[in-house]
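Enquirer: First the structure, then my questions, so here it is.
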Amino acid sequence: MARLLPIASGKGGVGKSVIAANLGLALARSGRTVVLVDLDLGGSNLHTCLGIRNRHAGIGALVWKRERSLSDLLVETGYDRLWLVPGDGLLPGTANIEWFAKKRILKDLESLPADFVVLDLGAGSSYNVVDFFLASSEGLVVIRPEITSVLNAYAFLKTVAFRALSRSFPDRSPGRAAVNEFAAVKNEGSGLSFLDFARELSAGGPGAATALERLAALRPRAVMNMGREPGDAELGYRLRDISAKNLGISVEFAGYLLEDPAVGASVGARRPLLDLDPASPFARGISAVASRLAAAPAGAALALDDPDGGLERLIDEAGGEA
Ligand SMILES: Nc1ncnc2c1ncn2[C@@H]1O[C@H](COP(=O)(O)OP(=O)(O)O)[C@@H](O)[C@H]1O
Ligand SMILES: [Mg+2]
């Protein structure tokens, strides 16, 4: 089974697509077979980062025409072992993919003949995004070293937590109704915290206990992009701390990527920076993320052997490379 690596963020413009393209290439260059999937429905541009024209059928063909299978949509990228499933410019970005179509796509994604399947997700917290993010316990959340970006990422993880909890109960079950009701009330600001609520729920039977286990098994990995200075660590730790305290989710750090003018130039040149200039600060940071992810068994903790989550060490390393 292919290992899924969804890439999400609270808001757009943080570098998801650039990271997806370069991370995919880094993994492919390390000998893995990789499929990049553009799931940013309505805003697909992963093909641009790879210099591929948007004239191929994409994910939209799967959503609307059910006879096609995902492997029919694979496009060569010109790089060994790296394939692309393009997005679909024709698909309205706001369309919610029906649950059964989503499930089928997920099953197809996992059975692709690849070591890694990297999912470039749209921004925000729609169910399309959240459900694909939950396809793996080790999704990446991209943040910038700004408080707004941290809070957007936290809001995204909160939606992920609610969705994971709700989906642990069968449709129309009292458990699911309780979660949805709590989510609605919570949005208006109630006293009970999410974690307290989840614990209360867990007293309610075996389904709820599974729900808590599912939450605890989530291991989202933050990648800080467009980093500038050592003080950035503070903001990363803020995301980790509020996610642990309020949601019971432990966020790990998978990488720290420096702001690098060569990134914009590479997008303009329609070639991943890792290909254009592997020695650039951003490309080196990407290579480090790729080897860190590949070294950790699927779903296992990243071996950062640092009780603080290792962000400071990642920043140190990036500084030394710049
Ligand atoms: N580390 C970086 N340094 C400088 N510019 C970057 C960096 N990462 C991304 N960018 C720029 O940010 C913009 C948005 O990136 P993109 O990958 O399209 O974001 P998203 O997919 O999250 O919307 C692009 O113009 C890209 O060149
Ligand atoms: Mg994008």
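The values are calculated or read from the model by the stated rules, or taken from the named source; none is laboratory data. Small disclaimer: the values here were computed from a predicted structure and weren't measured. Every residue, glycine among them, receives a Cβ derived from its backbone with ideal geometry; neighbour counts consider all protein chains shown. Areas reflect the complete protein model, heavy atoms only, side chains present, ligands, DNA and RNA absent. Shrake-Rupley method; radii C 1.70, N 1.55, O 1.52, S 1.80 Å.
Enquirer: Please find, in a Gaussian network model of the chain (springs between Cα atoms separated by less than 10 Å), the residue of R284, R81, R55 whose mean-square fluctuation is greatest.
Expert: R55
Enquirer: Taking amide H positions as placed in the peptide plane 1.01 Å from N, state which residues far from F253 in sequence (5 or more) or on other chains have amide H under 5 Å from it.
Expert: Residues meeting the criterion, in which the H sits 1.01 Å from N, are A222.
Enquirer: Could you order E98, E181 so the one with the most accessible surface comes first? Probe is 1.4 Å.
Expert: Details: E98 105, E181 125 Å².
Ranked from most to least accessible, the order is E181, E98.
Enquirer: Which of P145, P170, P113 moves most in a GNM of the chain, Cα contacts under 10 Å?
Expert: Maximum among the listed residues: P170.
Enquirer: May I ask you to give the solvent-accessible area per residue for the chain, in square angstrom, as obtained with a 1.4 angstrom probe? The partial results should precede the final answer.
Expert: Numbers: 13860 Å² over 322 residues.
Accessible area per residue: 43 Å².
Enquirer: I'd like the distance between the alpha-carbon centres of the range 147-171 and the range 234-299, rounded to an integer number of Å.
Expert: 21
Enquirer: Less than 17 Å from a label point 7 Å out along the Cα-to-Cβ axis of N246: which backbone N atoms in the range 214-228 qualify, by residue?
Expert: Flagged as within label range: 220.
Enquirer: Grab the beta carbon distance between R228 and A2, set R0 = 35 Å, and tell me the FRET efficiency rounded to 0.05.
Expert: Working: r = 35 Å, r/R0 = 1.00.
About 0.50, to the nearest 0.05.
Enquirer: Right, next: If you take the beta carbon distance between D80 and E259 as r and set R0 to 30 Å, what does 1/(1 + (r/R0)^6) give as a FRET efficiency, to the nearest 0.05? List each step's numbers first, then the result.
Expert: Numbers: r = 30 Å, r/R0 = 0.99.
It comes out at approximately 0.50.
Enquirer: Using a ≥ b ≥ c from the Cα gyration tensor of the chain (square roots of the eigenvalues), is it rounded, prolate or oblate, where a/c under 1.5 gives rounded and otherwise the larger of a/b and b/c decides, a/b for prolate? The partial results should precede the final answer.
Expert: Numbers: a/c = 1.85, a/b = 1.20, b/c = 1.54.
Since a/c reaches 1.5 but b/c is at least a/b, the shape of the chain is classed as oblate.
Enquirer: Please compute the modelled spin-label separation between A301 and F100, points set 7 Å along Cα→Cβ, answer in nm with one decimal.
Expert: Modelled inter-label distance: 4.3 nm.
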